[in-house]
Amino acid sequence: MAGWSSRNKYSLLGAMRAIAQMISYEVPLILSSVTVIMAVGSLSTGRIVEAQAGYSGILPNWFLLTPWGFAGFILFMIAATAESNRSPFDLPEGESEIIAGYYIEYSGFKFALFFLGEYIGMFAVCGMAITLFLGGWHAPLSFLTWIPSYFWFFAKLLGLIALLIWVRGTVPRLRMDQLMNFAWKFMLPMTLVNILATSVWLLMGPGLGRWVVCLMIVILPYVMLGKALFEGKSLGKRIYRYAE
């Protein structure tokens, strides 16, 4: 609505990019969460955190420390970064391409509301990632349980926020075709493969066998899909040429 009502081609282009990006990455975002729901058997966030309580030795029973949980966490954070329009997925507001995108005609407090909404969304998805994969408010090590639970939740939240800020300042922006190819040719198949790995993990009994099988289920498609995605692409050192 912001891009269309501005009556500006750059705003409209930014809005169309934002819609395409949201639809594309909403699917892997939800599918990466399905694995946790399968493991817990409930949609309750409280029960999801309770299922990650306890420790194996000094290590926690977080879903992150399983093959499917680690893959699901990586996929979830990539999709969440795209949903939040954070770099390298900030094409809807790419300053070098479409001049701030769908809010180019907005300044002052209206611009601040757009930016505030982006950061609120970033905090929300990081909080959901903590709940689903990082044990919620539970301590990371068994001998640290004396520290209040709210400290651990906010420490994890600040850690993920710092990670997203670091990625924003490090990774270059993708092109639009790379963005869409990555969503539909890599992210979506990997989330479906991860659901299969979760099913195998739940069906097999505890032991080393299910670790090996689930790792193979996750790693082999990752290598094959990554190879197919980069097939025909010539990657090399960027060379800058200047006029004499």
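Of the solvent-accessible surface of segment 1-125, computed with a 1.4 Å probe over protein heavy atoms with every protein chain present, carbon and sulfur atoms account for 70 percent. Loop sites by DSSP among the trypsin sites (Lys or Arg not before Pro) of the chain, restricted to those with at most 14 other Cβ atoms within 10 angstrom, leave 8-174 as the longest stretch without any of them. GNM on the chain, alpha-carbon springs under 10 angstrom: the most fluctuating residue among L208, L12, L163 is L208.
Could you give the angle, 0 to 90 degrees to the nearest 10, between helix 108-133's Cα long axis and the longest principal axis of the Cα atoms of the chain? Roughly 20 degrees, rounded to the nearest 10. For segment 54-187, rounded, prolate or oblate, judged on the Cα gyration tensor with a ≥ b ≥ c (square roots of eigenvalues), a/c < 1.5 rounded, else prolate if a/b > b/c? It comes out oblate by the Cα gyration axes.
The values are calculated or read from the model by the stated rules, or taken from the named source; none is laboratory data. It should be emphasised that the depicted structure is a prediction, and the values quoted were computed from it without experimental measurement. Note: ideal-geometry Cβ built from the backbone for every residue, glycine included; neighbour counts use all protein chains shown. Heads up: the accessible areas ignore ligands, DNA and RNA and are worked out on the full protein's heavy atoms, side chains in. Shrake-Rupley method; radii C 1.70, N 1.55, O 1.52, S 1.80 Å.
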